[in-house]
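The values are calculated or read from the model by the stated rules, or taken from the named source; none is laboratory data. Not measured: the values here are computed from a predicted model. A quick note on method: Cβ atoms are made from the backbone with ideal geometry, for glycine too, and the neighbour counts reach across all protein chains shown.
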């Protein structure tokens, strides 16, 4: 399975979970190609959540500066809560705020350990 297929499948999984929670969800197909928009925008009763989805099994998650800066731009322009949702096999989704990433030499990073310590799950984001 290609990385695109895995990512698209994970995006659809989270979209369906949010739909089941009563959210109307927009998915930006191909968002990983142009990095101009986040993967999902979820709306419910005047509330909106912006989500960039990642399904990654390594010990840390890295975002290229261009992609990370576009996420920050969305957050600044919309003032909507914005998260990077990291899907870990067998553990579900963890929601990380952009400010919780650290700037590395080439990318913005967060370790699996830090994401697990934050332990921000969907119910924490949708309250």
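Things worth noting here:
- Residue in the stretch 60-70 that is under 13 Å from the mean Cα position of the chain (by Cα), at pLDDT 95 or above, in a strand (DSSP E or B) and farther than 30 Å from residue 105 by Cβ present: no
- Some residue of the stretch 75-89 being assigned to a loop (DSSP other than H, G, I, E, B) and at pLDDT below 95: yes
- The single condition among (1) out of contact with any helix residue (DSSP H, G or I) (no Cβ under 8 Å at 6 or more places or on another chain); (2) surrounded by fewer than 19 Cβ atoms within 10 Å (Cβ to Cβ); (3) in contact (Cβ under 8 Å) with a residue 40 or more places away in the chain that residue 11 does not meet is (2).
- Criterion violated by residue 23 - all others in (1) at pLDDT 95 or above; (2) surrounded by 14 or more Cβ atoms within 10 Å (Cβ to Cβ); (3) within 23 Å of residue 109 (Cα to Cα) satisfied: (3)
- Matching residues, the stretch 92-102, being outside any helix (DSSP H, G or I), more than 11 Å from the chain's Cα centre (by Cα) and free of Cβ contacts under 8 Å to residues at least 24 places away in the same chain: 102
Residues are listed down the side, and each one gets a yes or a no for (1) modelled with pLDDT of 95 or more; (2) in a loop (DSSP other than H, G, I, E, B):
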| site | (1), (2) |
| --- | --- |
| 6 | no, no |
| 10 | no, no |
| 17 | yes, no |
| 57 | no, yes |
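- Checked against (1) part of a loop (DSSP other than H, G, I, E, B); (2) within 22 Å of residue 19 (Cα to Cα), residue 105 meets all criteria but (2).
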